[in-house]
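Here is the structure we will look at, set down as structure tokens.
A short reminder: the numbers here are calculations on the coordinates, not readings from a lab. Just so you know, these numbers come straight off a predicted model, no measurement behind them. Please note: Cβ atoms are built from the backbone with ideal geometry, for glycine as well, and neighbour counts cover all protein chains shown.
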Amino acid sequence: MLGEGIIKGMAVTAKNFLGSYVSEERLTTIQYPEERQVLPEAVRQFPFLVFDGNDAMAGLRCVACQICEKECPPKCIYIEKSKDKKPDYIGKPQLYPATFDIDISVCMSCQICVEVCPFDAIKMDTEFELSTGDRFGGLLVNKQQLAKSNAHYHRIHPTEADEVDGRLAAEKVKAEAKAKADAEAKIKAAAEAKAKAAAAATAPPTAPAAPATPPAPK
Amino acid sequence: MADDLDQIFVTISHSIVGLFPEFWQPVVSAILAIAAIIGVFASLFAVTTVFERKGLGRIQNRYGPNRVGPFGFLQPAADGIKALIKEDVVPRAADKVVHFLAPLAVVVPAFLVYAVLPIGRNMVLVDFDAGVLFFFAIGAATELSVFMAGWSSRNKYSLLGAMRAIAQMISYEIPLILSAVTVIMIVGSLSTTQIVNAQAGYHSIGLPNWFVFTPWGFAGFVLFMIAATAETNRSPFDLPEGESEIIAGYYIEYSGFKFALFFLGEYMGMFAISGLAITLFLGGWHAPLAALEVVPSWMWFFAKLLAIIFVFIWVRGTLPRLRMDQLMNFAWKFMLPMALINIISAAVWHFMVRAGLPGYQCWLVGAAIVAGSYILLGRGLMEGKKIEKRTYRFAE
């Protein structure tokens, strides 16, 4: 009959209207500044620079290789290389960024800078309340503002940070082992050279050794 | 005591008027009443906007506005301040004079019609013999102002909105007036106070003597409310301002306080037509039960008004907007014949009551006429229409 559907529809809305006063679960709204949604771990908003240790400027992992600057699709990163070098986490002397600016208003949160960084120096932050009263200076974030500790990284992305730390530690161990091996090889080589020199000094020079047997034909 | 409370505004008005010399008394009395009407209904408008937004929110399982003031009830103040300090943009190509006059032409008639609404016992600004006629005559002026707004803006959307508004308002004006005619036939008067007086008293079973409890009155009330919804451009008949189709319809080129005036006019129209529905069908300011007569009469009027406003909001939260052809079909193929049949039903009722037939017989005959024609007309309206699950060729 005419009007049946209207009655049904009115019943549905009446149920919703009354139900929203009875059960809180119906209300899907989160009262934002007071209540906050628990963000998923993979959430990303804006990049930050990771530093190790306590001194933000000394511990920056960034070596100013400028890969992120080149890869950034909207070109929101600006890097100036330093003139001098400082040791990185392995102890190798590296450049560091004299200037590292990112323009929030241009950044599109694509995470490509993070993907391309070979030093795990730039990561995505979860902070989304980035509004500012100053639309020029306030939107250009400099190195000091971008630098955040590894502990912060662990807090916002625990799984990812553990993986990165493991990788860096493994690299460090490898580098140390290599350095040790190199050092040993060096000592050995030096010793050999010394022995050779000593031998050369005692024995008269001989003709060079005969060439090795050629490899077997296929 | 109850009488004192009932007549409190009347006595206050009389005592204030008494302070003035006799020559000025009619003027002061009129100004007082006008100020009271504007003040009360404008604040009702403010309250309604909050209630509407909160109610719609609850229907959609949201909170609605709850930030400004306690529970968000100061939201209209914030909105009003915002509207006042906004820039008043007038399109360069607009007809400036008409563009300026249109919002005023919306608001003035919307307020004028309150003159004949009996808000309480002895509380009517003008006790006019042709009150209902006056109401419809002034109410029809809204059409002019809507077209003024739509035409003067020189914008295709506003013109489309105005054209739709005119088509819709003229179509629905007919069932609106025809459904009101039944009451005028039965009461034999166009005066709103006499119509209210005719609904005084109670049936033997305890029901009040309101016209809505008669078959023709019930059908008339439903028809009147549907037509009133269309007349005030409220959802589901909000085609003239359909946001998803023509942005804001005829007031697309209005900003700031002029826009707020359109809004005010629209809500004033809604309250006025609800007030007329109360006067015609819901017994005006009479209490629904004899035991509740102690509550002041003006409170009953406003209680009924708020109830009708709630239904308006409820309908708005439920029904989707009609299509233009559905709107017109509904008006001309269902509302108009139904209103005409209802007039016959009222006439039959009138003669049966006069012939002294028992109440239940009158009721049965009236109900048979109304319900039978409703079912048949409904079938006619649905004829040839197959309601089936819609399939989409490319979307699935």
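Numbers for the structure displayed
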{"item": "Size of charge dipole - the protein assembly as shown - debye, nearest 20, with Cβ of Lys, Arg +1 and Asp, Glu -1, no other charges", "result": "1980"}
{"item": "Lysine pairs meeting the criterion (Cα under 21 Å, 8 or more apart or interchain), as found in chain B", "result": "10"}
{"item": "For chain B: relative contact order, % (alpha-carbon pairs under 8 angstrom, 6 or more apart)", "result": "20"}
{"item": "Listed residue (B:31, B:64, B:20) projecting farthest to the positive dipole end of segment B:1-78, Cβ model", "result": "B:64"}
{"item": "Per-q log10 I(q)/I(0), segment B:333-384, q = 0.19, 0.22 Å⁻¹ (Debye; single scatterer per alpha-carbon; no solvent)", "result": "-0.62, -0.75"}
{"item": "Fewest-first ranking of B:300, B:332, using other Cβ atoms within 10 Å as the exposure measure", "result": "B:332, B:300"}
{"item": "Protection proxy ranking, peptides B:357-363, A:28-34, average beta carbon neighbours within 10 Å, highest first", "result": "B:357-363, A:28-34"}
{"item": "Dipole magnitude (debye, nearest 20) for chain B, charges at Cβ of Lys, Arg, Asp, Glu", "result": "1380"}
{"item": "Relative contact order (%) - segment B:225-357, alpha-carbon pairs under 8 angstrom, separation at least six", "result": "27"}
{"item": "Placed amide H near residue A:122: partners under 5 Å, 5+ positions off or other chain", "result": "A:50"}
{"item": "Positive dipole terminus of chain A, leading residue within A:47, A:189, A:179 (C-beta point charges)", "result": "A:189"}
{"item": "In order through segment B:337-343: 3J(HN,Hα) via Karplus (6.51 cos²θ - 1.76 cosθ + 1.60), integer Hz, x for Gly, Pro", "result": "x, 5, 5, 5, 5, 5, 5"}
{"item": "Rounded to whole Hz, the Karplus (6.51, -1.76, 1.60) HN-Hα couplings of segment B:313-323, x for glycine and proline", "result": "5, 4, 4, 5, x, 9, 9, x, 5, 6, 8"}
{"item": "Partner chain coverage, peptide B:309-315 - average Cβ within 10 angstrom", "result": "2"}
{"item": "Whole-Hz ³J(HN,Hα) from phi, Karplus 6.51 cos²θ - 1.76 cosθ + 1.60, for segment B:345-353, glycine and proline x", "result": "4, 5, 5, 4, 4, 4, 6, 5, 5"}
{"item": "Chain A: angle of helix A:4-22 to the longest principal axis, Cα-based, in degrees nearest 10", "result": "70"}
{"item": "Sequence-distant residues sharing a close amide H with residue A:81 (under 5 Å, placed H)", "result": "A:98"}
{"item": "Partner chain coverage, peptide B:55-62 - average Cβ within 10 angstrom", "result": "6"}
{"item": "Percentage relative contact order, segment B:93-190, counting C-alpha pairs under 8 Å, at least six apart", "result": "31"}
{"item": "Which of A:38, A:59, A:14, positive extreme of dipole for segment A:12-81 (C-beta unit charges)", "result": "A:14"}
{"item": "Between segment B:327-381 and segment B:1-40, the alpha-carbon center distance in angstrom", "result": "43"}
{"item": "Cβ-based exposure ranking for B:232, B:318, B:182, in which fewest neighbours within 10 Å come first", "result": "B:318, B:232, B:182"}
{"item": "5 angstrom amide H check on residue A:147, placed H, neighbours 5+ away", "result": "A:49"}
{"item": "Whole-Å distance, taken between Cα centres, linking segment A:68-86 and segment B:66-90", "result": "47"}
{"item": "Segment B:140-242: proportion of alpha-carbon pairs further apart than 24 angstrom, %", "result": "39"}
